[in-house]
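Here's the structure, in structure tokens; my notes come after.
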Amino acid sequence: MPSTAPRPAGRSGRGRRRGAPPGRPALLLAALCLLLAAPAPGQEVPPLPADPPAEAARPQPPAPPPPPPAEVRAADTPSDSGRSVTVRWSPPAEPAGAGGPLLGFRIERATGADGPFAAVGQAPPGAVRYDDTGVDNGVAYYYRVVATRLDAETASAVAGPAIPRPQWINTNQWNVFLILALLLGFNLYFIEHIKAGGKPFIRKIAGLEAVTEAVGRATEMGRPILFVPGIQDMNDIQTVAGVTILGYIARTTAEYDSRLTVPTSRALVMTTARETVKEAYLSAGRPDSYDESSIYYITDEQFGYVAGVNGYMVRERPATCFYMGAFYAESLILAETGNSIGAIQVAGTAQPAQLPFFVAACDYTLIGEELFAASAYLSGEPKQLGSIKGQDVGKLLGMVSIVIGVTVLSLALVTGWEPLRRAAEFVREFWSTELA
Amino acid sequence: MMRRTIPLFITAFVGSILVIAYFIPHPPFDQLREDFSIFFDIIAAVAFILGGGNLIRMHGNRVSRREKGYGYSLVTVIGFALVLVIGLTKMGNPDGFRNSSVTAAGSYFDLAYQYVFRPCAATMFALLAFYVASASFRAFRAKNVEASILLLVAFIILVGRTFVGAWLTAWLPPSLDFLTIPYLADKIMTVLNFAGNRAIMIGIALGIVSTSLKVIIGIDRSYLGSG
């Protein structure tokens, strides 16, 4: 007689597979359990056991407010033209606090110690200073700093009164004044020294030594000389330096009776260059050779100017090209075009980014300070040569400062001695133009 | 005499005042730099009339005399006149003549700027790429020891700034990271190049101060054409 009892799983070697639906006895057992658990009619359903309360939902004691900024001081901003008050405070001992991070500080201002205070600005967390520039001179102001958090804020004690006033001396720039005074003193000393018969050693500047040769070559070839005074206006000191060199070149050109062309990108440079060249021709005794139309304005636009100058170079093929002044991206376009027509090229600029281009494409390049020394170098006047020596002493001062600063700072880092660190910091700040 | 004395006096006066103003923040010195800057802008704007007039006169003469290459001058004169007219009359300005900007979008002036001037300027700027290539080819020829060093450094910088630099030396173990090309390129730029650049900048700053002093106290008068 065949048995109807269910075969226990696992015994036959073909047990129920994992995930297969349960067999009939299992279903019956589950249904029985549900019936026993179901409440009788009218019986109140007991509440299900609640989940353990979440931390956030649990009633929390209110977070303490953020600590107020301490030691708030408000004072007239020093060394300024007035209309500014500087508010300083000490950072809170616990910037984060128990209630979360600070959002920052709100600076409030009033004209009376009792208020009413109005917000005048915000400072980020970690800030310890705020300059209020929306004030009038001679008026007393009171300040308080409010530490703000998302859910709370705390105001500091009231600071003040602070009365903004303009100052007569900018004490922040004492170092610039000192350096300037030293340079002026060195310049004047060497000028007097050379006037009294002193013979300074001035190293040869190849680019300037080549000026006469370059002008002579243009004369021999019967081709013009091109002078490009940069693309900046007369308020740029590089343009001034370029125009001073133009004066010397114009005199040499007048002596050699060669043609000089000066296309400019600024109308003021054109008028200044005309005066300079005219005076140079006069001093060379060749006023009749001066041609005003050879100094002309093209355009203020950078690449329009380059197109005009390049066109001239390709058509007229000048034998010598001078580039003296402030240049930007056009430097290489000009110098490479000049190179392609076989011109002798002498360049000078104080734009460090353009120097490699000129060095690569020109025969001679005046690097930075050489451009400014050119006028003195070419004139050979004692007064001007003295200024070169003064400039050199300034450089020496800078070099000594760098060596001292590096040595002291290295020693401070190695030894950890605080006075050395301060000394290194002093040297660094001495050469900084932004002393606080 | 007066032609030199008066410019020298003006230069000395204005230069000295501006130097003093740097150290005196009190009014009226605090505004002087800005005021003089505005004065300069006014003078430059007036001088532009001089420059524009000179441009027209010079190129007009070339055209009228049929000088060599006068066609270029003709293009210059026509371009100048055209832009001047459409700018002054605000031709094609969608907002009309009054209460509208010369450079308003859609105006003929704006169209000339967008579709003629800018492409021409961009073309000139694009030429720079070719000039950089030709100048580099000439500068980086290993003619001597110095040029060879320059070539090597340039190679490291060029390769180090691209993915190739990292790829070529990726096989180096972390302990030899300082030999990777990007690392070397970075150090060359931030240490060697920066130091050299600073030296040039210090020299330039001293040169500017020295030149300014020479011009202000009247030692250097070369810009007036005299030695």
Subset of segment B:124-149, residues among the β-branched types (Val, Ile, Thr) and more than 8 Å from every other protein chain (Cβ to nearest Cβ), comes to B:145, B:149
Can you spot a residue in segment B:175-185 that is more than 18 Å from residue A:362 (Cα to Cα), touching a Phe, Trp or Tyr at 6+ places or on another chain (Cβ under 8 Å), without any contact (Cβ under 8 Å) to a residue 12 or more places away in the chain and of a type outside the set (Phe, Trp, Tyr)?
-> yes
Of the numbered conditions (1) within 29 Å of the chain's Cα centre (by Cα); (2) of a type in the set (A, V, I, L, M); (3) not in a helix (DSSP H, G or I), residue B:188 satisfies every one except a single condition; which is it?
-> (3)
Does residue A:165 satisfy the condition of being assigned to a loop (DSSP other than H, G, I, E, B), more than 29 Å from the chain's Cα centre (by Cα) and within 13 Å of chain B (Cβ to nearest Cβ)?
-> yes
Got a sec? Which of B:41, B:30 is over 28 Å from the mean Cα position of the chain (by Cα) and either within 10 Å of chain A (Cβ to nearest Cβ) or touching a residue at least 60 places away in the same chain (Cβ under 8 Å) (or both)?
-> B:30
Would a scan of segment A:342-359 turn up a residue that is at pLDDT 90 or above, of a type outside the set (Asp, Glu), more than 32 Å from the chain's Cα centre (by Cα) and within 18 Å of residue A:243 (Cα to Cα)?
-> yes
If residue A:258 passes every condition in (1) crowded, with 21+ Cβ neighbours inside 10 Å; (2) away from chain B (no Cβ under 13 Å); (3) in contact with a Phe, Trp or Tyr (Cβ under 9 Å, 6 or more places away or on another chain); (4) not β-branched (Val, Ile, Thr) but one, which one does it miss?
-> (3)
Spans of strands (runs of 3 or more DSSP E) in segment A:283-370 with at least 1 residues of a type outside the set (Val, Ile, Thr) and more than 20 Å from residue A:268 (Cβ to Cβ) = A:320-324, A:344-349, A:364-367
Going by the conditions given, is residue A:238 at the interface with chain B (Cβ under 9 Å from one of its Cβ atoms), touching a residue at least 12 places away in the same chain (Cβ under 8 Å) and under 29 Å from residue A:269 (Cα atoms)?
-> yes
Does any residue of segment B:50-60 turn out to be part of a helix (DSSP H, G or I) and either among the β-branched types (Val, Ile, Thr) or more than 28 Å from the chain's Cα centre (by Cα) (or both)?
-> yes
Please indicate, with yes or no, whether at least one residue in segment A:374-388 is outside the structural domain of residue A:356 (by TED's automatic domain parsing), aliphatic (A, V, I, L, M), crowded, with 17+ Cβ neighbours inside 10 Å and within 30 Å of the chain's Cα centre (by Cα).
-> yes
Does residue A:373 satisfy being in a helix (DSSP H, G or I) and free of Cβ contacts under 8 Å to residues at least 24 places away in the same chain?
-> no
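The values are calculated or read from the model by the stated rules, or taken from the named source; none is laboratory data. Note that the coordinates shown come from a computational prediction; the quantities given were computed from them, not determined experimentally. Counting neighbours? That spans all protein chains shown, and the Cβs are built from the backbone with ideal geometry, glycine included.
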